[in-house]
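To start, the structure under review is shown below, and the notes come after it.
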Amino acid sequence: MFRLQGSKVLAVDMTGDAVKAKNGSMVAYDGQMAFKKMTGGGEGIRGMVTRRLTGEQMTVMEVRGQGTCWFADRASEINLVNLQGDKLYVESSNLLATDAGLRTGTTFTGLRGASQGNGLFTTTVEGHGQAAIMSDGPAVVLRVSRQYPLTVDPGAYIAHQGNLHQSFQSGVTFRTFFGEGGGEAFQIRFEGDGLVYVQPSERNTIAGDV
Amino acid sequence: MSQYAGSGPTVFDPMTLPVDDNVNKYTFCVELKGSQWFLQKGKMIAYYGSMEFNGIGHGRLDRLVRTSFHSPLHASDWVVADGSGKMLLADRAFDVNAYDLEDANMTIRSGNLLAFQPSLALKQSIVPGFLTLIGTGKIVAASSGPVVFMEPPIRVDPQALVGWADCPSPCHHYDHAYMTGLMGGLRAMTGIGGASGEEHQFEFVGAGTVLLQSSENLMPEQATGVVPHEPGVPGGGGVRTGPSQQAGAPRLPGQLGDLQRRFGL
């Protein structure tokens, strides 16, 4: 059972079950806990090789026990995500913890990843359960539906879930090269049905100042 | 619709997003209905609807720029958002606030200003590094920590100043100890002998409001150059000493220049 204590600490109540969490993110626990490092994100040999190859690295530990365990990472804001059989796409650096029952994996993101400056691959979380993702400032959750597609700045994007189709938009014109660009040269457009998480801050992206 | 219920605190869609108001402390939502807003580059984080972002030099914007944008130094940092839909603005997870002006004026540190309505006119303040907005409309500005409103007469720490409204521009205030000879300068420069770090303030007088942020965390500003060298223009054509120093900013007390002057060099 995931719950937030304040907005920057995640408390997980456990009764013999387990969670996967970012390595070293435990700040306190109560009761009996065992911490086990999971090599290769706990995805087996194949997952390990994939992560090594794609650079989407994630060091994960499995926490199992009875009691409450608290997690936090660099005072980042934490957002809870409920998954009911759908898939969450998140950068491995923004993923704090997942239920042990959720499957994690890697997927190709294409140009979006490149424009964000964090690689061509992203982490997926799938199944039924809860996950906790981190953001710089509290994330705003935006719904995308058929009539309302959403356009997001790659630097502010942190995660999305549901059945979304993403496309890459470029506003680069000849003006960009004269320093007269629109300031939002690269954008990701989401269409379909699902949720997009954006943070109130922008990572440094390749196109940061264009 | 209820498929993803319970994920996150609140899920927003174009119907539930506020109109020209804060979504949370760090995010501001602007509604465009065929209207335009000026915004600083890279502060848009997401939008619904169809929008276009064009640099200030875009030919189609000539008329708008003529009436509302009078700062060539900052032209390369600003764009005009055009279209219809709702757009979210945020800046490095700083607090974001909107200010309504009615036939008034407000001056804001240029790095803190996120966006404004074109019904206002933007001009460079005579105080370097600040921008003045005159007219009627809405301003969106960021601050490190919540903004505190104060009334003059007041002396404020330079790093805590976000801006001011309606009152005359501030002047520098140096404590007496600074002016007492060589020892004062050495003290301020080295911090030895009890310099508190608060010997220099901005002083406001007159009627108006002073906006302070509740931290001395300055937002990094982009170098914007200096005003042209003309007789009678303060800060014009000054020599830049380094990239970190704001354009034409008052030299901090204790810098070597002050000592040199004391020695008459």
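The values are calculated or read from the model by the stated rules, or taken from the named source; none is laboratory data. Predicted, not measured: the structure shown is a model, and the values here were computed from it. All Cβ positions, even for glycine, are placed from backbone atoms using ideal geometry, and neighbour counts span all protein chains on display. Remember, those area values only see protein heavy atoms, side chains included, never the ligands or the DNA or RNA. Shrake-Rupley method; radii C 1.70, N 1.55, O 1.52, S 1.80 Å.
Descriptive notes on the structure:
- Only protein heavy atoms count here; under a 1.4 Å probe, A:Met26 has an accessible surface of about 60 Å².
- Förster-model FRET efficiency, 51 Å R0, B:Ile126 and A:Gln32, C-beta, rounded to 0.05: 0.15
- Proximal lysines relative to A:Lys22, as straight alpha-carbon distance under 16 Å, when same-chain residues fewer than 8 apart are discounted: A:Lys8, A:Lys36, A:Lys37
- Taking B:Val205, A:Val141 and ordering them by how much accessible surface each has at a 1.4 Å probe, largest first, produces B:Val205, A:Val141.
- Taking amide H as placed 1.01 Å from N in the peptide plane, the amide H of B:Ser84 sits under 5 Å from that of B:Gly34, B:Ser50, each at least 5 places away or on another chain.
- Hits among lysines - C-alpha to C-alpha of B:Lys138 under 20 Å, sequence gap 8 or more where chains match: B:Lys25, B:Lys33, B:Lys41, B:Lys43, B:Lys86, B:Lys123
- Accessible area buried at the B-A interface, both sides summed, 1.4 Å probe (Å², nearest 100): 3200 Å²
- The distance between label points at B:Lys33 and B:Asn217 comes to 3.7 nm (points 7 Å beyond Cα on the Cα→Cβ vector).
- What the stretch B:1-104 shows is 42 Å² of accessible area per residue, with the surface traced by a 1.4 Å probe over protein heavy atoms.
- In the context of the full protein assembly, B:Ile134 retains an accessible surface of approximately 80 Å², using a probe radius of 1.4 Å and ignoring ligands and nucleic acids.
- Straight-distance crosslink candidates among lysines, where the alpha carbon sits under 18 Å from A:Lys87 and sequence neighbours closer than 8 are dropped: A:Lys20
- B:Trp37 contributes an accessible area of around 10 Å² to the protein surface, as traced by a 1.4 Å probe with all chains present.
- Applying 1/(1 + (r/R0)^6) with R0 = 41 Å to the Cβ-Cβ distance of A:Gln169 and B:Thr10 gives a FRET efficiency near 0.95.
- Near B:Trp78, the amide H atoms lying under 5 Å from its own belong to B:Lys41, B:Ile56; only residues 5 or more places off or on other chains count, and H is placed 1.01 Å from N.
- Candidate residues A:Phe121, B:Phe38: accessible-area rank, largest first, probe 1.4 Å: A:Phe121, B:Phe38
- Spin-label model, B:Phe149 to A:Val49: label points 7 Å out along the Cα-to-beta-carbon direction sit 6.5 nm apart.
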